[in-house]
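Just below is one structure, and these are the notes that go with it.
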Amino acid sequence: MNAESTTNLKEESENCLFCKIVKGQIPADIVSQGDNWLAFRDINPQAPSHILVIPKNHVANVTECNEAAELGSLFQAASGVARDENLDQGFRLVVNTGEHGGQTVFHLHIHILGGRSLTWPPG
Ligand code: 5GP
Ligand code: ZN
């Protein structure tokens, strides 16, 4: 990573809502966490269980994440959080990406949605 992209990343991170949650600058209903990830309840839940799992370091979206291991451990974390939430009847993991994907917060996150029967296709 060159000096310019390091500076941009730092600026993005300083203005990022989810980075502020990671740093404890904005309160959140934290469910669990690991060394590199944090799980907290969505402020506007779309299902009885609606949890967001995010990396603790700033990554804008899935296309910006070049680390296969980081993505793998984030999905593994989401699966563990869903298990602990007793979503044994099923759940959905969603990663909205970019404008058409409906992404509104530009810090990578996996939505865990469960606790009700979900329809398909999504809107
Ligand atoms: P996206 O639309 O980017 O996939 O998802 C962003 C999610 O973040 C939305 O479901 C939205 O409700 C949630 N969200 C936005 N602001 C906050 C906040 O301040 N706290 C929490 N816990 N969730 C938030
Ligand atoms: Zn961030």
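The values are calculated or read from the model by the stated rules, or taken from the named source; none is laboratory data. On a predicted model such as this, the values are computed, not experimentally measured, just so you know. Here the Cβ positions follow ideal geometry from the backbone for every residue, glycine too, while neighbour counts run over all protein chains shown. The area values use the complete protein model at the heavy-atom level, side chains included, leaving out ligands, DNA and RNA. Shrake-Rupley method; radii C 1.70, N 1.55, O 1.52, S 1.80 Å.
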Count - residues of segment 45-89 that are assigned to a loop (DSSP other than H, G, I, E, B) and open to solvent by less than 50 Å² (accessible area, probe 1.4 Å): 8
Just name the residue that is surrounded by the fewest Cβ atoms within 10 Å (Cβ to Cβ) out of those in segment 1-21 that are at pLDDT 95 or above and in a helix (DSSP H, G or I). L17
Return yes or no: is R92 within 14 Å of the chain's Cα centre (by Cα) and at pLDDT 95 or above? yes
For the condition within 16 Å of ligand 2 (Cβ to nearest atom) and either at positive phi or among the acidic types (D, E) (or both), what is the one hit in E4, E12? E12
Between a first residue in segment 92-108 that is closer than 21 Å to N57 by Cβ and in contact (Cβ under 8 Å) with a residue 40 or more places away in the chain and a second residue that is polar (S, T, N, Q) and more than 6 Å from ligand 1 (Cβ to nearest atom), which pairs have beta carbons less than 6 Å apart while being 6 or more apart in sequence or on different chains? Q103/T97; L108/N61
Collect the residues in segment 22-44 that are surrounded by fewer than 20 Cβ atoms within 10 Å (Cβ to Cβ), within 16 Å of ligand 2 (Cβ to nearest atom) and more than 20 Å from A82 (Cβ to Cβ), keeping them in residue-number order. K23, G24, Q25, I26
Restricting the first residue to segment 40-63 and requiring it to be at positive phi, which pairs with a second residue that is assigned to a loop (DSSP other than H, G, I, E, B) meet a Cβ separation below 6 Å and a spacing of at least six or different chains? none
Can you give me the number of residues within segment 1-33 that are closer than 14 Å to K56 by Cβ and of a type in the set (V, I, T)? 3
Flagged pairs (Cβ under 8 angstrom, 6 or more apart or on separate chains; first in segment 5-25, in contact (Cβ under 8 Å) with a residue 60 or more places away in the chain and closer than 20 Å to T104 by Cβ; second within 12 Å of ligand 2 (Cβ to nearest atom) and open to solvent by 80 Å² or more (accessible area, probe 1.4 Å)) are E12/F106; C16/F106
